[in-house]
Amino acid sequence: MTKPTSIRFDEVLLARLRRRAQSTTGANMSALAQRLVDEGLRMADHPGILFKDGPTGRRAALAYGPDVWEIIKFLREIDERGPAALSAAAEVLAIDVNRVAAAVSYYGDYREEIDAEIEAADDASERAERAWRVQQRLIA
């Protein structure tokens, strides 16, 4: 549930927000401001995390690195646990172990969101594999 509130913006900032809302398909200024404040607070709470646009919408990711869901999926699929798991992920993903830890911390606060992204990626992968198998049968 949303509640109205009054916020005063500098004129230049307000103009930038209006322009961004107009250029973002389907976004109104209020929704955009809410999204940006939410993302800003999440980034402040979880240094090293930022948000990227992509085919599935906005998602949490490491700066210059993989999406959080990709790191969590990797950690679920390996045998190592604890610090060894963080080290294994850092090595395979070619990122610092502290960045892996940042993704795990974010996951701790936004588990449902990341689990949904993993499920969507798994579903897309299964659909792609089924389509490939059909193609292979047709051309074999």
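What residue, among those in region 91-110 that are among the hydrophobic types (A, V, I, L, M, F, W, C) and within 17 Å of His46 (Cβ to Cβ), is farthest from the chain's Cα centre (by Cα)? Walk me through how you get there before you give the answer.
Keep residues of region 91-110 that are among the hydrophobic types (A, V, I, L, M, F, W, C), which gives 92-95, 97, 100-104.
If we keep only those that are within 17 Å of His46 (Cβ to Cβ) too, we end up with 95, 97, 100-104.
Values: Ile95: 17, Val97: 19, Val100: 14, Ala101: 15, Ala102: 13, Ala103: 10, Val104: 12 Å.
This residue is Val97.
Listed here are the residues, each with its yes/no results for (1) at pLDDT below 95; (2) exposed (fewer than 14 other Cβ atoms within 10 Å of the Cβ).
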site	(1), (2)
Val92	no, yes
Ala103	no, no
Tyr107	no, no
Asp122	yes, yes
Arg127	yes, yes
Trp132	yes, yes
Gln136	yes, yes
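The values are calculated or read from the model by the stated rules, or taken from the named source; none is laboratory data. Note that the structure is predicted; figures quoted are calculated from it, not measured. Cβ sites come from the backbone with ideal geometry, for glycine too, and all protein chains shown count toward neighbours.
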